[in-house]
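This report refers to the structure that appears directly beneath it.
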Amino acid sequence: MLRDITCFKEIYIVCGYTDLRFGIESLAGIINRKFNRSIFTPGVLYLFCGKKADRSKGLVWEGDGFLLLYKRASMGHYQWPRTPDECKNINLDQFRLLLDGFNIESSIKKVNPTDIV
């Protein structure tokens, strides 16, 4: 079900580590306080990952209440961006790559030619 994510308008991943024991109120508080975003936007999915990278939670406001999703990969783990204090907007292709265990961040960095010499 989670792979058919076309019903969401936007998808954000909360980078870094999140305590997955947190419930709806705590996860919504992270979005509100830490990233200064309103959680009450229907169709916007926020994804969280804990220290065990085989588990993730999703939170979405549906207009009449919250939907809390929990997924544990049976084999493998997610390549979750661990940059703290970042909430990253991703597209559907990146979301599918993330669920398949691929890294969604580019490993090729821009280099200034004067830095090479």
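The values are calculated or read from the model by the stated rules, or taken from the named source; none is laboratory data. Since this is a predicted model, take the numbers as computed values, not measurements. Cβ coordinates were reconstructed from backbone atoms using ideal geometry, including for glycine residues, and neighbour counts include every protein chain displayed.
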Considering every residue within region 42-63, establish whether at least one is more than 15 Å from the chain's Cα centre (by Cα) and free of Cβ contacts under 8 Å to residues at least 12 places away in the same chain. no
I'd like to know if region 78-93 contains one or more residues that are assigned to a loop (DSSP other than H, G, I, E, B), hydroxyl-bearing (S, T, Y) and buried (at least 17 other Cβ atoms within 10 Å of the Cβ). yes
Residue under evaluation M75, criteria (1) part of a helix (DSSP H, G or I); (2) touching an Asp or Glu at 6+ places or on another chain (Cβ under 9 Å); (3) among the hydrophobic types (A, V, I, L, M, F, W, C), criterion not met: (1)
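Restricting to region 25-56, name every residue that is β-branched (V, I, T), over 16 Å from E86 (Cα atoms) and surrounded by 15 or more Cβ atoms within 10 Å (Cβ to Cβ). I'd like the intermediate steps shown before the answer.
In the first step, residues of region 25-56 are kept if they are β-branched (V, I, T); the result is 30-31, 39, 41, 44.
Applying the additional criterion that residues be over 16 Å from E86 (Cα atoms) yields 41, 44.
Listed by number, the list holds a single entry, V44.
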Closer than 21 Å to I104 by Cα, surrounded by 13 or more Cβ atoms within 10 Å (Cβ to Cβ), at pLDDT 90 or above and under 15 Å from the mean Cα position of the chain (by Cα), is that true of L20? no
Of the residues in region 23-42, those that are closer than 14 Å to L68 by Cα and either touching a helix residue (DSSP H, G or I) at 6+ places or on another chain (Cβ under 8 Å) or modelled with pLDDT under 90 (or both) number 1
Out of region 57-76, which residues are surrounded by 14 or more Cβ atoms within 10 Å (Cβ to Cβ) and farther than 23 Å from E25 by Cα? A73
